[in-house]
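Step one of this worksheet: look at the structure below.
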Amino acid sequence: MGLMTPVLKGYLTDKGFKVCSDAVQVHGGSGFTEHFPVSQFMRDCRIALIYEGTNGVQALDLVGRKLASKGGRAVMTFFQEIDQFIGENDTDEGLKPFIKALAEVKAQLQDGTMWLMQNGLQNPDNAGAASTDYMHLFGLTGLAYMWALQVKAAQAKIAAGSSDPFYSTKVVTAQYFIERILPDAGAHLTKLKTGSATLMALPAEAF
Ligand SMILES: Cc1cc2nc3c(=O)[nH]c(=O)nc-3n(C[C@H](O)[C@H](O)[C@H](O)COP(=O)(O)OP(=O)(O)OC[C@H]3O[C@@H](n4cnc5c(N)ncnc54)[C@H](O)[C@@H]3O)c2cc1C
């Protein structure tokens, strides 16, 4: 729970605000005005990125404290749980694209974790500079796992004869997630590996 707290708080509130912003966009100009409550939702959502630990500070907590705690036991447990799920389900034809996507993003998260171990300990600025991208990569990995679990449950219901559109909708939404949202993981990994040199290059007076 300690490891997941910054991931859940930081990733989901960032995305929650994005969802509210998209909702304003859907309403066009009326969304921006006070015609509809959606503009108020957007402002109300914005505070969630700030209070209860700003998302930047949550990301620092994740890489600086939670990750390394007890020799990385929590993150290793998370990886093991995903590996076990993949091992138990990788021959399931219906789950194949979801298992493949999960395995790929988990490998990216492991890669990012290794990079942090190798570069963050010797230079804490590298850990700080990577932290928000790492938190988002972690959030995407967690969601890929959650979507795979949901697809498994939905497909079991469909196979058992359910025609409730709730289940077929779940599968399509999961497909959308792996096609249109999960690829962001690669960008986060690339960014986090650039380190702190450019971020720290300018003197304080330049700001
Ligand atoms: C509507 C509202 C309700 C609130 N309710 C409560 C409440 O009920 N109880 C309560 O205790 N507090 C409450 N707060 C306060 C809230 O918890 C703080 O605003 C929040 O923790 C951020 O602190 P700050 O405003 O001092 O910003 P700062 O700490 O000054 O942060 C400013 C920016 O700097 C970044 N930053 C800060 N430190 C670092 C660092 N070391 N390295 C890199 N970046 C850093 C932050 O991520 C942020 O982007 C509330 C605030 C608001 C606006």
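Every number in this text was worked out from the coordinates using simple rules, so none of it is lab data. Nothing here was measured: the structure is a model prediction, and the numbers come from that model. FYI the Cβ positions are ideal-geometry reconstructions off the backbone, even for glycines, and counts take in every protein chain you see.
What does the charge count near Met114 come to, summing +1 for each Lys or Arg and -1 for each Asp or Glu among other residues with Cβ under 13 Å from its Cβ? Provide the component values of the computation, followed by the final result.
Details: positive: Lys106, Lys193; negative: Asp111.
Charge balance in the 13 Å sphere: +1.
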* In nm, give the distance between the simple-model label positions of Gln25 and Leu202, each being 7 Å from the Cα along the Cα-to-Cβ direction. => 2.7
* **Amide N of segment 83-114 lying under 18 Å from the label point, which is placed 7 angstrom from the Cα of Ser163 along Cα→Cβ** => none
* **Net lengthening on full extension, Tyr176/Asp44 (0.36 nm per residue, minus Cα-Cα)** => 44.8 nm
* **Farthest toward positive dipole pole in the chain [+1 Lys/Arg, -1 Asp/Glu at C-beta], among Phe98, Thr169, Gln122** => Gln122
* Asked: Helix hunt in the chain: which complete DSSP H runs extend at least 27 Å axially by C-alpha with mean Kyte-Doolittle at least 0.0?
  -> 4-26, 124-159
* Can you pull the one-decimal nm distance between simple spin-label points at Glu52 and Lys191, each 7 Å off the Cα toward Cβ? => 2.3
* Sequence-distant lysines (8 or more away, or on other chains) whose Cα lies within less than 29 Å of Lys152 -> Lys9, Lys15, Lys18, Lys96, Lys100, Lys106, Lys170
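Fewest to most neighbouring Cβ within 10 Å: what's the order for Leu8, Leu95? Write out the running numbers ahead of the final one.
Working: Leu8 15, Leu95 18.
Fewest-to-most ranking of Leu8, Leu95: Leu8, Leu95.
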* Asked: If you put +1 on each Lys and Arg Cβ and -1 on each Asp and Glu Cβ, how big is the dipole of the chain around its Cα centre, in Debye rounded to 20?
  -> 200
* To do: Find out how many positive minus negative residues lie around Leu62, taking Lys and Arg as positive, Asp and Glu as negative, among other residues whose Cβ is under 12 Å from that of Leu62.
  => +1
* **Helical mean residue ellipticity (222 nm; -39500 (n - 2.57) per DSSP H run of 4+; nearest 500) of the chain** => -22500 deg cm²/dmol
* Cleavage-rule hits, chymotrypsin sites (Phe, Trp or Tyr not before Pro), segment 29-70, DSSP coil, Cβ neighbours within 10 Å at most 15 -> Tyr51
